[in-house]
Every structure is written in C-alpha cells, then in structure tokens.
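Below you'll find the structure, written out as structure tokens, and then a few comments.
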Amino acid sequence: MNFEAYFSDQLEELKDAGNYRVFADLERHKGNFPRATRHDAEGNESEVTVWCSNDYLGMGQHPNTLNAMKEAIDKCGAGAGGTRNISGTNHYHILLEQELADLHNKEAALMLTSGYVANWAALGTLASRIPGCEIFSDSDNHASMIEGIRHSRAPKHLWKHNDVEDLDRLLSQTNPDVPKLVAFESVYSMDGDICPMAEILDVCEKHGAMSYLDEVHAVGLYGPRGGGIAEREGLMDRITVIQGTLGKAFGVMGGYITGSANLIDFVRSFASGFIFSTALPPALAAGATASIKHLKQSDMERMRQRKNVRLLREKLDSIRLPHMMNESHIVPVMVGDAKKCKFISDLLLDNYNIYVQPINYPTVPEGTERLRITPSPLHTEADIDYLVNALSDLWSQCALSRAVA
C-alpha cells in the first residue's frame, strides 16, 4: 500500500468537503483578553479579537491566576517530576483536589491531565470494573465520554438527547438487578442547550442507577460559587460523579472528577489513564486553585458575561441573523454549509481581524455547520457591534438566508 498517497487522498477529501481544520497561529496578550496577535503563513502579524475561546471568563489572564502560577514556579520549578504515584504528587495538587471537592460538595476529588482523559479514565474504569455494569448514554454526549464507554466494553444503551421518557423506557427494559450508570452533560457545547437535570436524576433514582454528570461547560459559570448547573439547581448531593475541567472557565488546564471518597479512591487505584500519566505541573494546579477560589466569591465575571450574551443575541436578532436559541452562554450562529462556514470564518479573520473558528462535520451533523461564538465579560459593546456588522456584511456576500422577521 502507498501510505503517503492514502494520507494525501484522505486529506484532500476533507479539504474538498470544507472540513479540513486549519489552526490559527495566535499569541494571546497577557492581561488584555480577548486580544491576540495572529501570525499568518506569510510571516505577517496582526491584532485580532478572539470570539470563540473556551476561556469563558478570561480567567486565563486574571492576576490571581497568573500570580499563583508564578509563585509556584519560583517555589517548585517547571514539571511535576513524575506520575502521581512516583514522586509526582506536589502539595499544590492536594490543595487543588481539596478545593474541587469543596466546590462540588463532595468528599473527594481527583485531578487528571485533561477533561478528555478524566471522562475516558473514569467512565472506562467504573463501567469495566463494576461487574455486569451497563451504561446509558445521552446520544449527544462528548467524544471523550463515548471513548470512555467504548474502552470499558460494557453494554451501552443510547437514549435520545435530553429525552427523560426514553431514558426511563430503556432503564425499565433492563434487569433491575443489573448495575447501571447514566452518563450525561449539563451544558452541551455545540448547541448550548441545558439538560433537564432534576428529571434525569429522578429516573436514575427510580431505577437505582449511578449518575455521571459532565459539567465541563458549566463549572465556573453557573451557581453562586461556580459549581455548575448542578449547584444552581441544588442537585449536587444527588449526583454520583461530577466531572469537570480546569481548561475552560477556570482558564488553566486539566480535568477532574468528584464524588465519594471510596469512588474517587477506586478510580485513583484502577484507572490506567491516571496511574500512568505524568502529573500536571504544580504551577497549573496553583493557578487553577486560585481561579476557583476567586470565582467562588466573585459573581462579577459571570454577570458581565451574561450581559454580553444577551446583548449579542439582541443585536443578531436586530439584523435577523439565525442563531440557535438556548439558555446558556454559547451562541451558535447557523450557516448550514461547510464551505460557506469556512469561507466566512476566513474572511472574518483576514478582512475584519475577528477570529471565530468554523464548526463543521464531524463535530456537528452535516447541514448544521455554524460559527460558535462565546462572548466573555471582557468583550466591549464596541466589539459586539463590530462583530455583528461584519457578520451582516458577509451574510449578504454569501447570499445566506436571514431569519424571518
């Protein structure tokens, strides 16, 4: 087989379909989020405004976060020096896990290298090592959850997205004595919709099932202390496992799970994705701890972000640009064509110095291609006006339909 030709052909197919991913070469400006310097292929530099960052609250640039990281580097140096089991557990890791357990009102927490690894390791370990366990997974669950479930090799049942009746039906058809785990998310990252959490938990409890909640797009953003949708709804005590990330609203890097002391110790003791991974650098743990502490007592960032989300939606409505309605901070502007979606994204970057990454298949279904916009508390009203006017110009250039008035 001519491997190089095969690789080339596959890449050309992606490009022809408009689904080839091109990375924007950005250099973020310390203390000046959402500004960044863009380096293009010709070696030119330009200042851009980032509109698609998962650093939802700008905490990756917050003085508390940066100062904590600098202090940790000065104290401990760069890397952790090993896996958590072999010399890699630093005191900053312990402090972070205590902070996370407190955030979610759980007995214990376990930090992993990313949200992806946290889902893969936790779901894969729980479902494979609990004898006879079967998993009930929301059909729109993230790729990391899907991979963890696949890795477990446990029987899997897909229930219709956010459809509590379908979940109840599937659980009712299963042997009552079979251990069951229900996996779902609070905020779904591409559509921005929020699950009916209380109703899902009612069904879990009715059938004696464990509940596994992915809160990665909600932690820091919802609840009086940033504990997520579960905290906002007063439901944390009813959830078996709450999983989250340090790389989005908390502005740093890493993933984690929280739960009972025994459950966390079980995953810690058996999950290969945890056992054999080098621990996160102490500076990252210190920065995440500082960010979490700040957002536990500061609501200002969340309030400003929600104000900007409302303002952007109002201005999009005023020019009739189609955007998916939801209750979250994620604003999907719907294009519906892969090539046009990438074309608009390229023109926004090249002609308007606005960076919004196109979201195409396989991240979203074909025909639902979109620009996924995430307003932050640090975008200004002038930024919003400039973005909306640019989108309006390009909508007309591409002859895209507008929403019905």
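The values are calculated or read from the model by the stated rules, or taken from the named source; none is laboratory data. Quantities reported herein were computed from a predicted structural model and do not represent experimental measurements. FYI the Cβ positions are ideal-geometry reconstructions off the backbone, even for glycines, and counts take in every protein chain you see. Only protein heavy atoms, including side chains, enter the accessible area calculation; ligands, DNA and RNA are left aside. Shrake-Rupley method; radii C 1.70, N 1.55, O 1.52, S 1.80 Å.
What to note about this one:
- Flag if residue 65 is under 24 Å from the mean Cα position of the chain (by Cα), part of a strand (DSSP E or B) and polar (S, T, N, Q): no
- Among the residues making up region 338-367, those that are assigned to a loop (DSSP other than H, G, I, E, B), open to solvent by 40 Å² or more (accessible area, probe 1.4 Å) and either on the phi > 0 side of the Ramachandran plot or in contact (Cβ under 8 Å) with a residue 40 or more places away in the chain (or both) are 353, 357, 361, 362, 363, 367.
- Candidates 375, 332 - the one that is out of contact with any Pro (no Cβ under 7 Å at 6 or more places or on another chain), closer than 24 Å to residue 26 by Cα, part of a strand (DSSP E or B) and open to solvent by less than 10 Å² (accessible area, probe 1.4 Å): 332
- Scanning region 72-93 for residues that are more than 27 Å from residue 259 (Cα to Cα), surrounded by fewer than 16 Cβ atoms within 10 Å (Cβ to Cβ) and either touching an Asp or Glu at 6+ places or on another chain (Cβ under 9 Å) or not basic (Lys, Arg) (or both) yields 73, 74, 77, 78, 79.
- Every residue from region 29-46 that is loosely packed, with under 12 Cβ neighbours inside 10 Å and not in a loop (DSSP other than H, G, I, E, B): 45
- Residues (among the polar types (S, T, N, Q) and either surrounded by 19 or more Cβ atoms within 10 Å (Cβ to Cβ) or over 14 Å from residue 244 (Cβ atoms) (or both)) located in region 94-105: 98
- Checklist (1) assigned to a helix (DSSP H, G or I); (2) of a type in the set (A, V, I, L, M, F, W, C); (3) open to solvent by less than 50 Å² (accessible area, probe 1.4 Å); (4) over 30 Å from residue 65 (Cα atoms) applied to residue 284, failing item: (4)
- Evaluating residue 226 against the criteria (1) assigned to a loop (DSSP other than H, G, I, E, B); (2) open to solvent by 10 Å² or more (accessible area, probe 1.4 Å) leaves one unmet condition, (2).
- Scope region 1-24; condition modelled with pLDDT under 95 and either outside any helix (DSSP H, G or I) or in contact with a Cys (Cβ under 8 Å, 6 or more places away or on another chain) (or both); matching residues: 1, 18, 19, 20, 21, 22, 23, 24
- The residue pairs whose first member lies in region 381-402 and is over 12 Å from residue 333 (Cβ atoms), whose second member is of a type in the set (Val, Ile, Thr) and in a helix (DSSP H, G or I), and whose beta carbons are closer than 8 Å, counting only pairs six or more residues apart or on different chains, are 398/344.
- Residue match in region 245-262 (condition: assigned to a helix (DSSP H, G or I) and touching a helix residue (DSSP H, G or I) at 6+ places or on another chain (Cβ under 8 Å)): no
- Single residue of region 313-329 satisfying the filter (out of contact with any helix residue (DSSP H, G or I) (no Cβ under 9 Å at 6 or more places or on another chain) and part of a helix (DSSP H, G or I)) that is surrounded by the most Cβ atoms within 10 Å (Cβ to Cβ): 313
- Options 291, 392; residue that is open to solvent by less than 60 Å² (accessible area, probe 1.4 Å), of a type in the set (Gly, Ala, Ser), out of contact with any helix residue (DSSP H, G or I) (no Cβ under 6 Å at 6 or more places or on another chain) and not in a loop (DSSP other than H, G, I, E, B): 392
- Set side by side, the residues 302, 310 differ, and just one is open to solvent by less than 40 Å² (accessible area, probe 1.4 Å), outside any loop (DSSP other than H, G, I, E, B) and basic (Lys, Arg), which is 302.
- Residues of region 244-263 classified as of a type in the set (A, V, I, L, M, F, W, C) and open to solvent by less than 10 Å² (accessible area, probe 1.4 Å), total: 4
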